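Structure, as structure tokens:
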Amino acid sequence: MSETESVAYKRVMLKISGEALMGDQGFGLHPPTVERIAREVQSVHKLGVEICMVIGGGNIFRGLQGSAQGMERTTADYMGMLATVMNALAMQSALEGLDIHTRVISAITMNEVAEPYIRRRAVRHLEKKRICIFAAGTGNPYFTTDTAATLRASEMSCEAIFKGTKVDGVYDKDPAKFPDAVRYETITYDEVLAQHLGVMDASAIALARENSLPIVVFSLDDEGGFKGILDGSGTSTTVRD
């Protein structure tokens with residue numbers, strides 16, 4: 001049996017927040033943290049899994065915060081999209097430092113630094129085992145990178161979305177505050193929405209439900225966590241019907 005036959009999914013979307021790249025800093029990029037995450041991705045890539053990525057931009061600029069401070073919402077959101085491109089380029093650099101061919105594909109045209117989004121070309125990159133990092137969200141204001149990840153995962157025919165967080169799954173309450181918090185093994189899309197569990201924003205959950213796309217929530221802070229979920233040894237929560 002080949003390695004790809006032994007893993008649960010052959011093509012996945014990895015969604016991580018921009019904050020995951022800043023380590024213990026309060027802002028920006030922390031190169032050792034970026035490299036650590038790149039090694040996590042490398043371990044899964046070695047299994048033969050085709051990987052898409054979407055990275056948020058909250059470590060550099062968050063559109064909603066800019067809007068709350070009086071900036072026009074559309075302008076703030078476009079600035080947030082540019083922040084995601086910066087993060088995507090940083091991750092591309094780290095992955096290529098590990099000899100993994102990587103393409104940054106931007107929803108906003110910027111030919112000097114990234115490819116424009118063309119679905120068939122992106123699929124071809126995946127088939128050639130290149131990692132595709134989708135940047136600039138959906139290219140539209142008012143949509144989060146959670147929604148962008150779900151949209152691109154659907155377009156790329158991914159079998160699951162892997163949401164890397166600071167905890168090893170979805171809990172009934174905040175495990176950092178409540179020692180008696182209970183982790184779900186599986187939970188439905190409707191339960192996530194009804195209980196306001198904050199796995200992803202509501203439009204992303206609704207889009208995943210529409211396309212029967214499972215969302216696997218796991219801890220990105222646990223070394224080997226991403227690979228562990230794929231080979232069946234890790235801890236996570238799966239959101240599905």
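The values are calculated or read from the model by the stated rules, or taken from the named source; none is laboratory data. Since this is a predicted model, take the numbers as computed values, not measurements. We place every Cβ from the backbone using ideal geometry, glycine too, and count neighbours over all the protein chains shown. Keep in mind that these areas ignore ligands, DNA and RNA; they rest on the heavy atoms of the full protein, side chains included. Shrake-Rupley method; radii C 1.70, N 1.55, O 1.52, S 1.80 Å.
Amide H of M200: which non-local residues (sequence gap of 5 or more, or other chain) have their own amide H closer than 5 Å, using H built in the peptide plane?
Under 5 Å from the amide H of M200: no residue qualifies.
Near R240, within a Cβ-to-Cβ distance under 14 Å, what is the net charge of the other residues, with Lys and Arg +1 and Asp and Glu -1? Intermediate results must be reported in sequence, preceding the final value.
Details: positive: K163, R209; negative: E159, E185, D190, E191, E210, D241.
Net of charged neighbours comes to -4.
Each residue of the range 149-165 in turn: what ³J(HN,Hα) in whole Hz from Karplus with 6.51, -1.76, 1.60 and θ = phi - 60°, glycine and Pro shown as x?
Going residue by residue, I get 4, 5, 5, 5, 4, 5, 5, 8, 6, 5, 8, 6, 9, 9, 9, x, 10 Hz, with x marking Gly and Pro.
Of G18, L193, A148, whose Cα points farthest to the positive end of the dipole of the range 11-239 (charges on the beta-carbon: +1 Lys, Arg; -1 Asp, Glu; origin at the Cα centre)?
Going by the Cα projections, it comes out as A148.
Assuming 1.306 mPa s and 10 °C, estimate D for the chain with Stokes-Einstein, Rh taken as the Kirkwood radius over Cα pairs, in µm²/s. Numbers along the way, then the final one.
Numbers: Rh = 17.9 Å.
Rounded, D is 89 µm²/s.
Counting other Cβ atoms within 10 Å of each Cβ, which trypsin sites (Lys or Arg not before Pro) in the range 103-212 have at most 13 and sit in a DSSP loop? Please list the in-between numbers first.
Values: sites: R103, R119, R120, R121, R124, K128, K129, R130, R152, K163, K166, K173, K177, R183, R209; in loops: K128, K129, R130, K166, K173, K177.
Those satisfying the criteria are K128, K129, K166, K173, K177.
Taking only protein heavy atoms and a 1.4 Å probe, what accessible area per residue, in Å², does the chain have with all protein chains in place?
Per-residue accessible area for the chain comes out at 47 Å².
Mind telling me which of V104, V113, V216 comes out most flexible in a GNM of the chain, alpha-carbon contacts under 10 Å?
So, out of V104, V113, V216, the one fluctuating most is V113.
Under the rule a/c < 1.5 gives rounded, and otherwise a/b versus b/c splits prolate from oblate, where does the range 1-142 land using the Cα gyration tensor? Numbers along the way, then the final one.
Working: a/c = 2.24, a/b = 1.58, b/c = 1.42.
Note, shape of the range 1-142 comes out prolate.
Work through the residues other than R39 whose Cβ is under 11 Å from its Cβ and net out their charges, Lys, Arg +1 and Asp, Glu -1.
On the way: positive: R36, K46, K227; negative: E35, E40, E223.
Net charge in that neighbourhood comes out at 0.
How would you rank 232-240, 79-87, 64-72, highest first, on the average number of other Cβ atoms within 10 Å across their residues?
Values: 232-240: 17.6, 79-87: 23.0, 64-72: 12.3.
So the peptides 232-240, 79-87, 64-72, ranked by packing, come out 79-87, 232-240, 64-72.
Each residue of the range 56-70 in turn: what ³J(HN,Hα) in whole Hz from Karplus with 6.51, -1.76, 1.60 and θ = phi - 60°, glycine and Pro shown as x?
Ordered by residue, 3J(HN,Hα) equals x, x, x, 6, 10, 7, 10, x, 5, 5, x, 5, 5, 8, x Hz.
Please list, ordered by chain and number, the residues whose modelled amide H lies under 5 Å from the amide H of V170; skip anything fewer than 5 residues away on the same chain.
Close amide H contacts, sequence-distant or interchain: Y184, T237.
By how many nm would the segment from E155 to E191 grow when fully extended, if each residue of separation counts as 0.36 nm and the alpha-carbon distance is taken off? Before the final figure, lay out the partial values.
Values: separation 36, 0.36 × 36 = 12.96 nm, distance 2.51 nm.
Difference between extended and current length: 10.4 nm.
Rounded to whole Hz and in sequence order, give me ³J(HN,Hα) for the range 213-220 from the Karplus expression 6.51 cos²θ - 1.76 cosθ + 1.60, θ = phi - 60°, writing x for Gly and Pro.
9, x, 10, 9, 9, 9, 8, 7
Nothing charged except the Cβ atoms of Lys and Arg (+1) and of Asp and Glu (-1): what's the magnitude of the dipole of the range 186-230 about its Cα centre? Round to the nearest 20 debye. Could you put the intermediate results ahead of the total?
Numbers: 2 positive and 7 negative charges, 27 e Å.
Using Cβ point charges on Lys, Arg, Asp and Glu, the range 186-230 gives about 120 debye.
In the chain, carbon and sulfur make up what percent of the accessible area (probe 1.4 Å)? Let's see the in-between values first.
On the way: 5660 of 11370 Å².
The nonpolar share, carbon plus sulfur, comes to 50 percent.
Given the -39500 (n - 2.57) contribution per DSSP H run of 4+ residues, what per-residue ellipticity at 222 nm results for the chain, rounded to the nearest 500 deg cm²/dmol?
Values: 9 runs with 90 residues, N = 241.
Estimated from H runs of four or more residues: -11000 deg cm²/dmol.
How would you rank 23-30, 141-148, highest first, on the average number of other Cβ atoms within 10 Å across their residues?
Details: 23-30: 12.8, 141-148: 21.1.
Per-residue mean Cβ counts within 10 Å order the peptides as 141-148, 23-30.
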